[in-house]
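Read the structure below first, then the notes.
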Amino acid sequence: MLFGRKNRKPIVIPKKEVVEWKYSTCNYCSTGCSIELGLNDQGKVVTSRGHAGADVNRGKLCIKGLLEHDLFDSAGRGSQPLMRDKAYESFEPASWDQALDRTAEKIKDIQEKYGRDAFAVVSTGQLMTEEFYTLGKLARGCIGSNNYDGNTTLCMASAVSGYKRSFGSDGPPGCYEDFEYTECFMAFGSNLPEQHPIIYWRLKEAREKRSFPMIVVDPRVTMLAQFADIHLPITPGTDCVLINSMLHVIFSEGLQDQSYIDAHTNGSKELIELVMSDTYDPKVAQHVCGIDEDRIRTVARIYARAGSAMSIWTMGINQSTHGSDGVANINNLNLVTGNIGKPGGTSLSITGQCNAMGTREWSSCSGLPGYRYLENEKDREYIADFWGIDPEFFPKKRGLAQTDIFPAIETGEIKGMWLIATNPMTSMADTARMRKIMEKLDFLVVQDCYEDVETNQFSHVYFPAAVWAEKEGCHTNTERRVNLTRTALQCYGDSKPDLWIFNQLSKRFDNGKVINFPESAEGAFEEMKKLSVGAGRTLDISGMSYDKIERAQGIQWPYTEADAKRDAQLSPEEKPKGASRLYTDGKFQTADGKANLISVDFINNNEQPCQDFPFWLNSGRVVEHFHTRTRTGKVGNCNKFSPTPYMEMNPDAAAELGVVHQQYVRLASRRGDAVVMVQLTHRVPRNMVFIPFHYHDCVNRLTLGLLDPYSRQPAFKQCSVRIEPVDQDEAAALNVQRRAF
Ligand code: SF4
């Protein structure tokens, strides 16, 4: 039947008229997809496509990567530096010299009056690695504040801390290729299809070729849980109980890899003593973690009997009051079953931001560049000598983490701050408290691609930064793969690459005249290569070059000069290849080369649902948005899928309260309140609600964010709330305001 068809005009997608493709790496999540940006004959980037030859994504991109070219001239971009005397007053445009001079002057004033650490620097996981290295030089070597950290404390600090405690060093030991070998896959608090869609696609492809069990631990029936063979809907915050109970079964039934434990670990006696106690007998543990004893036994047996087994995790483990312990306990599970450093056997943290790894490796946030420590005298002397400054300029131990910097503003210890590509007014817990903290600062600089970023309301100076492909440099992804972005187009307006801003500010400090600050990203990369060499160093990039990275579409570290010599013989079609895995020889970065089995007991110290606040509040990402929506909120084809803050709620719980689908409700916690639209779904249990964390003035008005004692990472995913009715017209008007980007 052709009724009505004869006059219908087919949709014609206009040709993009691409004349050149520029190589790049996606600047959103840590998957590390290789992108090509298509330029037309006017030099404008008009499209993006996945690089077909890249091992990571093999031509694919998720919605964010496919639309990444829409960022360059999206609304709210900063085009010139701005200054004002007081927060909320109107900004005056300024020249770069005026803005940089004012900033250097104010930093020095504050430091002279209150001490060097009274000025804090907080950065991000979004810059290029060369920029992180340069910022580290500026913050540690010139400004000299020990209160310097990255917002990666909100996402990856527990993974870093857990790796260091277990293996003696940071650095994810596995890779995506492990999906192709593993005989058992277990995910803890990780919803790959929405958070890291291309990693999920790699996993799915591996499972289509070869069947292996997939076990997903998550309190919510996430998209990954829906595809799992076994879903363990755990009680929030009890992962340590579940893993200890699995270890109880493994040791009781003699399923451990004893020869691996004997040869490559310390601490097994203490671990066995703990996990064999009655507390972790599945009969008892089931009442705490919410997983029945049969399931615990079944999963433990499947995992331990597999020829190789791997665990991945994301924020469900890291964002907890015992995130570092949770990571150490996943490492315990893999060490006890001999699943580290072998194909398909690994502990793989799935990183959050595109270059969270770059900041971990090179930014000096938690120490000194190249995984060196402030606490180590030799490291201090080596870096001071390399930079040409006095080692005494460095503090002898690490200062405050990001999450401790804000309370130190509250108490008056810190008077000034520089925020780089981070937006704490949306990302930090307890928004009302954060507002008061921001108002207390004598001086705040905000450096961001977008001048309408919420935290900029409180700044005195604003530095407009370039977006990722307006500059050049590297990212490191979740599997230690260093990948490159080439400059695709000129910076927007008078915005500048972050590297340029750091270099210019360094000239205004005494040590900035002593330390070499290369002008180009490649110059900084060459310096980092020299710093990466050293006996036994895993983080060795000395064999890499920009051209080689582009040719290989990313190289995993370590990649040494010897590897480069070997690869010099390759034909033009062959790619240089770094190390797929760490610790393949069972030697770890500890004093005796053995990994540490760390006994992790369960302490129930977080907020729980109660009579007044009867629902667990859980939070996480959706695929179309990234972090605080600074970028994806401006890309129409991303934002249209979820422009309104919403909450997943179980239909049975909703019926009890008389709440209906798409109704607005008010949520209240002990900290504050938030208005959201209800989406009814069985993805959440009756006593839980879930809110995507991307929206300003939403979930973090409610969260408590207690800190992990080792990593200082906040427990964003556990607090309690109640649900109240709200005037529907007022709520709708509020949401229209929120959407008006
Ligand atoms: Fe970018 Fe991550 Fe999507 Fe790949 S999966 S395109 S890296 S956002």
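Where a number appears in this text, it was derived from the coordinates with a stated rule and is not lab data. These numbers come from a predicted model, not from an experiment. All Cβ positions, even for glycine, are placed from backbone atoms using ideal geometry, and neighbour counts span all protein chains on display.
Data for the structure
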{"item": "Per-selection metrics, the range 173-350 (Cα): Rg and Dmax in Å", "result": "14.9, 42"}
{"item": "Shape category assigned to the range 259-338 from the gyration tensor of Cα positions, a/c cut at 1.5", "result": "rounded"}
{"item": "The range 144-193-the range 299-370 distance, computed between alpha-carbon centres (Å)", "result": "5 Å"}
{"item": "Relative contact order (%) - the range 173-350, alpha-carbon pairs under 8 angstrom, separation at least six", "result": "32 percent"}
{"item": "Point-charge dipole on Cβ atoms (K/R +1, D/E -1) for the range 20-71, about Cα centre, debye to 20", "result": "140 debye"}
{"item": "Nitroxide proxy distance, nm - points 7 Å out along Cα→Cβ at Lys565 and Ala75", "result": "5.9 nm"}
{"item": "Listed peptides 578-589, 332-343 by packing density, highest first (mean Cβ within 10 Å)", "result": "332-343, 578-589"}
{"item": "Relative frequency of Cα-Cα separations exceeding 17 Å in the range 341-385, percent", "result": "49 percent"}
{"item": "Separation of the Ile13 and Thr644 label points, Cα + 7 Å toward Cβ, nm", "result": "3.0 nm"}
{"item": "Built amide H within the under 5 Å cut-off of Gly399, gap 5+", "result": "Tyr148"}
{"item": "DSSP-loop trypsin sites (Lys or Arg not before Pro) across the range 602-678, with at most 15 other Cβ within 10 angstrom", "result": "Lys640, Arg670"}
{"item": "Cα gyration tensor shape for the range 448-493, rounded if a/c is under 1.5, else prolate or oblate", "result": "oblate"}
{"item": "Difference of contour (0.36 nm per residue) and Cα-Cα distance, Lys575 to Asp673", "result": "29.9 nm"}
{"item": "Theoretical gain in end-to-end length, Lys209 to Glu526 [0.36 nm per residue, Cα-Cα removed]", "result": "110.0 nm"}
{"item": "The range 695-738 - Debye-derived log10 I(q)/I(0), Cα point model, q = 0.29 Å⁻¹", "result": "-1.07"}
{"item": "Taking all pairs of distinct alpha-carbon atoms in the range 552-655, Kirkwood radius in angstrom", "result": "20.7 Å"}
{"item": "Potential lengthening between Thr411 and Thr681 on full extension [0.36 nm per residue; Cα-Cα distance subtracted]", "result": "92.9 nm"}
{"item": "Model label zone, Glu730; criterion: amide N under 11 Å from point 7 Å along Cα-to-beta-carbon; scope the range 682-711", "result": "none"}
{"item": "For the range 615-740, diffusion coefficient by Stokes-Einstein and Kirkwood Rh (Cα), 25 °C, 0.890 mPa s, µm²/s", "result": "164 µm²/s"}
{"item": "Set Lys16/Lys577; Lys342/Lys717; Lys22/Lys164; Lys378/Lys471; Lys106/Lys507; Lys471/Lys548 screened for pairs whose C-alpha atoms are more than 27 Å apart", "result": "Lys16/Lys577; Lys342/Lys717; Lys22/Lys164; Lys378/Lys471"}
{"item": "For the chain, calculated [θ]222 nm from helices alone, where every DSSP H run of n ≥ 4 adds -39500 (n - 2.57)", "result": "-9000 deg cm²/dmol"}
{"item": "Area projected by the alpha carbon convex hull of the chain, averaged over all directions, nm²", "result": "34.6 nm²"}
{"item": "Projected area averaged over orientations for the range 400-481, convex hull of C-alpha atoms, nm²", "result": "6.7 nm²"}
{"item": "Partners for Lys397 among aspartates and glutamates (Cα-Cα distance below 16 Å; same-chain residues under 8 apart left out)", "result": "Asp117, Asp149, Glu375, Glu377, Asp379, Glu381"}
{"item": "Around Lys415: net Lys/Arg minus Asp/Glu count, Cβ-Cβ under 9 Å", "result": "0"}
{"item": "For the range 98-103, Karplus couplings with θ = phi - 60° (6.51, -1.76, 1.60), whole Hz, Gly/Pro x", "result": "4, 5, 6, 4, 4, 5"}
{"item": "Ranking of Arg372, Arg220, Arg686 by count of other Cβ atoms within 10 Å, fewest first", "result": "Arg686, Arg372, Arg220"}
{"item": "Burial ordering of Met417, Met156, fewest other beta-carbon atoms within 10 Å first", "result": "Met417, Met156"}
{"item": "Mean Cβ neighbour count within 10 Å, used as a protection proxy, ranking 707-713, 223-229 highest first", "result": "707-713, 223-229"}
{"item": "Stokes-Einstein diffusion coefficient of the range 20-71, Kirkwood radius over Cα pairs, 10 °C, 1.306 mPa s, in µm²/s", "result": "146 µm²/s"}
{"item": "Gyration tensor verdict on the range 477-607 (Cα atoms; rounded if a/c is under 1.5, prolate if a/b is larger than b/c, oblate otherwise)", "result": "oblate"}
